[in-house]
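Working notes for the structure below.
The values are calculated or read from the model by the stated rules, or taken from the named source; none is laboratory data. In this text the structure is predicted, and so the values were computed from the model without any measurement. Note: ideal-geometry Cβ built from the backbone for every residue, glycine included; neighbour counts use all protein chains shown.
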Amino acid sequence: MVGTPLVVQTRIYRSNQGTKSLVVAPGYSCKALELPWRDNQRGLSCIPPDIYEVEIKYSQRYKKIYWVLHVPGRDDILIHWGNLAGDIAMGFITHSAGCILYGKYFGFLNGQMAVLLSRPTIRKFMSVMNFDPFRLQIIEAFGGV
């Protein structure tokens with residue numbers, strides 16, 4: 001995908017309540033929240049750091065939405081709206097089954113770490129990206145897990 005825009009998602013914090021990231025795209029930035037790292041387990045974990053191809057596909061629930069492709073051992077990884085991405089085994093709420101949630105701000109909902117203003121952030125991101133494919137580079141900027 002030579003010439004395809006690069007979006008960089010830098011993970012900055014991880015806990016049982018989720019994994020926080022800063023997202024920088026050409027002409028846009030936002031926040032992201034994912035599940036905690038749980039050895040890349042389907043539906044329970046964020047995805048491994050790497051560079052992934054991302055393209056628009058159709059989802060029954062989200063309609064036109066970005067899908068992260070070629071995640072080892074995983075499929076159906078979306079970038080969509082939602083607020084919470086906690087470890088359900090630890091009693092937290094999640095709106096993610098391994099997907100990436102984008103939002104404008106970090107905050108808290110009912111005492112749980114969250115991303116806020118998620119729907120308008122996803123709409124704006126998709127508009128800025130012109131619904132075009134891109135490469136997503138996920139890096140980790142914290143020591144350890």
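When residue 98 is tested against (1) more than 19 Å from residue 116 (Cβ to Cβ); (2) in a loop (DSSP other than H, G, I, E, B); (3) out of contact with any Lys or Arg (no Cβ under 8 Å at 6 or more places or on another chain), only condition (3) is not met. Scanning the range 51-79 for residues that are outside any strand (DSSP E or B), touching a residue at least 24 places away in the same chain (Cβ under 8 Å) and surrounded by 13 or more Cβ atoms within 10 Å (Cβ to Cβ) turns up 71, 74.
Scoring residue 99 on the criteria (1) closer than 17 Å to residue 44 by Cα; (2) surrounded by fewer than 18 Cβ atoms within 10 Å (Cβ to Cβ); (3) hydrophobic (A, V, I, L, M, F, W, C); (4) within 16 Å of the chain's Cα centre (by Cα) leaves a single failure, condition (2).
Reported count of residues in the range 15-28, each being within 13 Å of the chain's Cα centre (by Cα) and not hydrophobic (A, V, I, L, M, F, W, C), is 4.
Table: residues versus (1) at pLDDT 95 or above; (2) hydrophobic (A, V, I, L, M, F, W, C).
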position	(1), (2)
75	no, no
104	yes, no
122	yes, yes
132	yes, no
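With respect to the conditions (1) under 23 Å from residue 141 (Cβ atoms); (2) of a type outside the set (Gly, Ala, Ser); (3) touching a helix residue (DSSP H, G or I) at 6+ places or on another chain (Cβ under 7 Å), residue 54 falls short on a single one, namely (3).
Number of residues in the range 111-145 that are in contact (Cβ under 8 Å) with a residue 40 or more places away in the chain, over 14 Å from the mean Cα position of the chain (by Cα) and farther than 12 Å from residue 9 by Cβ equals 10. Return yes when residue 35 is closer than 22 Å to residue 8 by Cα, touching a strand residue (DSSP E or B) at 6+ places or on another chain (Cβ under 6 Å), surrounded by fewer than 16 Cβ atoms within 10 Å (Cβ to Cβ) and at pLDDT 95 or above and no when it is not. Spelling it out, it is not the case that residue 35 is closer than 22 Å to residue 8 by Cα, touching a strand residue (DSSP E or B) at 6+ places or on another chain (Cβ under 6 Å), surrounded by fewer than 16 Cβ atoms within 10 Å (Cβ to Cβ) and at pLDDT 95 or above. Residues in the range 113-132 that are surrounded by fewer than 17 Cβ atoms within 10 Å (Cβ to Cβ) and either polar (S, T, N, Q) or in contact with a Ser or Thr (Cβ under 6 Å, 6 or more places away or on another chain) (or both): 2 in all. Would you mention how many residues in the range 1-28 are surrounded by fewer than 15 Cβ atoms within 10 Å (Cβ to Cβ), of a type in the set (Gly, Ala, Ser) and under 19 Å from residue 126 (Cα atoms)? Residues that pass the stated criteria total 2. Within the range 40-50, identify whether any single residue is of a type outside the set (Lys, Arg), touching a residue at least 60 places away in the same chain (Cβ under 8 Å) and part of a strand (DSSP E or B), and answer yes or no. No, there is no match, as no residue in the range 40-50 is of a type outside the set (Lys, Arg), touching a residue at least 60 places away in the same chain (Cβ under 8 Å) and part of a strand (DSSP E or B). Looking only at the range 1-39, count every residue that is within 23 Å of residue 87 (Cβ to Cβ), part of a loop (DSSP other than H, G, I, E, B) and of a type in the set (A, V, I, L, M) and tell me the total. Qualifying residue count, the range 1-39: 1.
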